[in-house]
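Report on one structure; see the data block that follows.
The values are calculated or read from the model by the stated rules, or taken from the named source; none is laboratory data. Quick caveat: nothing in here was measured; it's all calculated off a predicted structure. Cβ placement follows ideal geometry from the backbone for every residue including glycine, while neighbour counts extend to all protein chains displayed. Remember, those area values only see protein heavy atoms, side chains included, never the ligands or the DNA or RNA. Shrake-Rupley method; radii C 1.70, N 1.55, O 1.52, S 1.80 Å.
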Amino acid sequence: MKNLIKAHLDGKTILFLFVLTNLVYATMLLVTIPRVMQFSGGMPILDMLPTGYPHDYVRTLLDTLGAPGREAYLLRQLPLDMLYPGLFAVSYCLLTAYLLNKLGKFDGPMFYGCLIPVCAGLFDYAENAGIVAMLISYPNNTSPLTALTSLFSILKSTSATASFVILLWCLISLGKRKLFPATPHPR
């Protein structure tokens, strides 16, 4: 895995993937999520609840969305959200690895920090699968399905946050190196 990541630490490729990932994310935030939320009466959709959600909330949300809102969620928001986790996983993994490599930390234990975005992407896919199952099985959603999907939402947001913290640490560390270059110690 480490060799595969190291082989793809090309700045231009990483920049392209980063921009593409964030364009998809911006499209969801500015277009598809607001379209679904037009049907929700202001209730945030499940993707936007980083601390999870109880079964009653899901039932109320899906009832409030109505058939057109559930269809918009299933056929407009979720297809785009099936593209985003993979893009996030790859672009943020490579970006973090690239910065760790610049810091000389890629081959140490910090390497595992670049795998956290991959975990976030996998948890996002699991969350999406649960949401699809709840939308398709409506009105017969089960509490265990809701609890499992909610858990994946929490794990997704936790690992995404950890990814951003590691990325921020890398950027601050690189900035400190640029501003305060190490001077050799006299012997």
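Scanning segment 86-97 for residues that are over 15 Å from A26 (Cβ atoms), crowded, with 22+ Cβ neighbours inside 10 Å and not aliphatic (A, V, I, L, M) yields Y92, C93, T96.
May I ask you to list the residues in segment 11-51 that are assigned to a helix (DSSP H, G or I), among the β-branched types (V, I, T) and under 17 Å from the mean Cα position of the chain (by Cα)?
We begin by selecting, within segment 11-51, every residue assigned to a helix (DSSP H, G or I); these are 11-37, 46-48.
If we keep only those that are among the β-branched types (V, I, T) as well, we get 13-14, 19, 21, 24, 27, 31-33, 36.
Selection gives I14, V19, T21, V24, T27, T32, I33.
Quick check: anything in segment 176-187 open to solvent by less than 60 Å² (accessible area, probe 1.4 Å) and of a type outside the set (D, E, K, R)? Spell out the reasoning first.
Initially, segment 176-187 is screened for residues open to solvent by less than 60 Å² (accessible area, probe 1.4 Å), giving none.
No, segment 176-187 has no match at all.
For segment 133-146, name all the residues that are open to solvent by 60 Å² or more (accessible area, probe 1.4 Å), in contact (Cβ under 8 Å) with a residue 12 or more places away in the chain and in a helix (DSSP H, G or I). Within segment 133-146, I136, S143 qualify.
Could you please let me know if V165 is open to solvent by 20 Å² or more (accessible area, probe 1.4 Å), within 15 Å of M82 (Cβ to Cβ) and of a type in the set (V, I, T)?
Values: open to solvent by 20 Å² or more (accessible area, probe 1.4 Å): yes; within 15 Å of M82 (Cβ to Cβ): no; of a type in the set (V, I, T): yes.
For V165, the condition - open to solvent by 20 Å² or more (accessible area, probe 1.4 Å), within 15 Å of M82 (Cβ to Cβ) and of a type in the set (V, I, T) - is not met.
Return yes when G130 is assigned to a loop (DSSP other than H, G, I, E, B) and either surrounded by fewer than 22 Cβ atoms within 10 Å (Cβ to Cβ) or touching a helix residue (DSSP H, G or I) at 6+ places or on another chain (Cβ under 9 Å) (or both) and no when it is not.
Numbers: assigned to a loop (DSSP other than H, G, I, E, B): no; either surrounded by fewer than 22 Cβ atoms within 10 Å (Cβ to Cβ) or touching a helix residue (DSSP H, G or I) at 6+ places or on another chain (Cβ under 9 Å) (or both): yes.
For G130, the condition - assigned to a loop (DSSP other than H, G, I, E, B) and either surrounded by fewer than 22 Cβ atoms within 10 Å (Cβ to Cβ) or touching a helix residue (DSSP H, G or I) at 6+ places or on another chain (Cβ under 9 Å) (or both) - is not met.
Residue-wise test of (1) open to solvent by less than 50 Å² (accessible area, probe 1.4 Å); (2) of a type in the set (D, E, K, R); (3) on the phi > 0 side of the Ramachandran plot.
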site	(1), (2), (3)
I33	yes, no, no
G41	no, no, yes
P54	no, no, no
Y84	yes, no, no
P117	yes, no, no
